[in-house]
Each structure stands twice: as C-alpha cells, then as structure tokens.
Amino acid sequence: MAEAGLEDTGERLVAEFLDYIVVEKGLSDNTRLSYSRDLMRFAAYIRGRGASMMDAGADDISDFLGELKKDGQSARSYTRSLIAIRGFYRYQQRMGRLKASPCAFVDIPRFTKRLPEFLTFDEIDRLLGAPCRDTALGLRDKAMLETLYATGLRVSELVRLRLNDLNLQGGYLTAFGKGSKERLVPIGESAMYWLGRYMEGSRPSLLKGRTSNYPFVTARGRAMTRQNFWLLIKKAALVAGIERMKMKPHIVRHSFATHLLERGADLRMVQAMLGHADITSTQIYTHVTNERLKALHRKGHPRG
C-alpha cells in the first residue's frame, strides 16, 4: 500500500520509471514503448476500479491479467505486462514510496516457446543469389543479405551500422544490440567480398557526391531503414521462390544460429555473436537442431 499522504500521480510515476529503465538500466527505446503501453493500460484499468496505481493490490493485478486473457492476449503478451508492472512497483519500493510490492505473490504464467522458423541451406543459397549484381542497388542488396546471414544481426542492427563499425581488413564488425550493448561479430569471406565490391563501386554511385555515415544507403543517398530492408528481402524471397508466409523479420537471424549449431558451433560462441544476454535465449536453437535431426533420422533410417 502507498505511504500515507502520497498523492497518486500515475502518469508522472510511470514516466519517471520509463526514464529510469532507459537511462539507468540501458533498456531499448522499443522496450520503453512496450512498457509504456502496458503500464498505461494497467493504470486505466485501475482507475476504472476507482483506485490508483499506488493503492493497487495483488487481486487487482491478477484480475487485470485475467482481462488480458479474455481479450485474447497471448501468454507472452501478458507475461510482458506483468514484468512491466513488477518493475514499476519494484522501482517504487526502491524510491521509498512503497513498503511492499503488490506483485510479490503474483506468478508469471508458464508458456511454451514456439520453435523459431528458419530457412534450409538451399533456401538461403537461393535468397542470397536473388539480387541482380549488375546494378548498384542489386549489389547493395546482395551485400546486405550476405552480411545479415554471415553475422546473424537483427535487421535494426544492420541498418544502424555506421562506417566506422565495419572493419573489412580485420574481418569483423561492431554491432550495438538491445540497450546499446556492444559486441564484435566476424563477417566471413563471402560477405567481406560482396561488401568490398559494394563499398568500392555501388555505394559511391548511389551517393552521387553526397556523404553518409551509414554504409547502406538508398538511391537517394539516405540511410536504409528497417522498412526499406524488409521490402528488399521480400522481393528477394519472391525471386528465390521462397514461400511468402515463411519470410519473417528474424528468419535470416534464426537461420544463421540454426546452421551454425548444425555444423557443430559452440553454443556460447553463438550466444556471443547473437548478443543474447541469457544463454537460455540461445538454447532454443538446440531444440530446433534436435527436432531437425529427428526428422532426418525418421526420413533416412530404415527403421526410423
């Protein structure tokens, strides 16, 4: 319960907490936006019950999660909502505004993780071979796709790369992941070759004398965006004859991790290259490779 005399200023307290998770905890702007939506929805729910966020109890939170379920929210969505609410009240405790968190006895629901989808080796070859290398834009597309598959970057990380993040002589790049966490990722010979061809020939012709701190630019010389790249990859998938429903934003990243593990890569090394803070996030790919091995065994073994 709130300390006596503490005026409920829900929106102000939420804004203060959101600033805290970005500045002090280093969480991303996307996480801030998600938490903001979750907390403001919770605040509106509590106001509808004639109470304030600082007076909410465990029953209020449980009932709110129940409403999310009724509204068809996935287990993942309302789990994220509970994590946001827990973080909010933990912060209020830290600031001395609450003696106990109303979330103390509210459990995070268990849910089964879906195995990530990925492309086969053949599909990846077709996807990477789809761009036309005879044009400046096609060579840029080829370089971007090769880099994405070689490094396992998130699309947002790829389009945010700057020139000084690339070290083609050393054969690595510097990526900035969630919370601006920095990591070094090897590029690989094929991606280095196509990056070199693009940087030397196509990029200057796209810039037409203009300057940019970003390696990957549009025909107008501007930095590529996630939306630009997603149109690019969907076009490449169409040319490659890959099912449209199979193409999702993380599909190349998932393929990168799955293919590395299938070829015997160390799980910790894959974790470092993906930029996962927790090894459990990477372990999901071992389930993928295990299921794939079982399928291959069933198909190829005479008693499978």
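The values are calculated or read from the model by the stated rules, or taken from the named source; none is laboratory data. A quick note: this is a predicted structure, and the numbers were derived from the prediction, not measured. All Cβ positions, glycine included, derive from the backbone under ideal geometry; neighbour counts span all protein chains shown.
Among the residues here, Y193 qualifies as more than 30 Å from I21 (Cβ to Cβ), more than 21 Å from the chain's Cα centre (by Cα) and not in a loop (DSSP other than H, G, I, E, B). Of all the criteria given as (1) more than 16 Å from the chain's Cα centre (by Cα); (2) at pLDDT below 90, the one not satisfied by K235 is (2). Selection of the stretch 15-57 for residues being among the basic types (K, R) and not in a helix (DSSP H, G or I) yields K25, R49. Could you say whether any residue in the stretch 211-225 is assigned to a helix (DSSP H, G or I) and in the same structural domain as L153 (by TED's automatic domain parsing)? Looking for residues that are assigned to a helix (DSSP H, G or I) and in the same structural domain as L153 (by TED's automatic domain parsing), one finds none in the stretch 211-225, hence no.
Being touching a residue at least 12 places away in the same chain (Cβ under 8 Å) and not in a helix (DSSP H, G or I) is the requirement here; does I284 meet it? In short, no. Taking the criterion of being in contact with a Gly (Cβ under 6 Å, 6 or more places away or on another chain) and of a type in the set (K, R), the residues of the stretch 205-254 that qualify are R210, R253.
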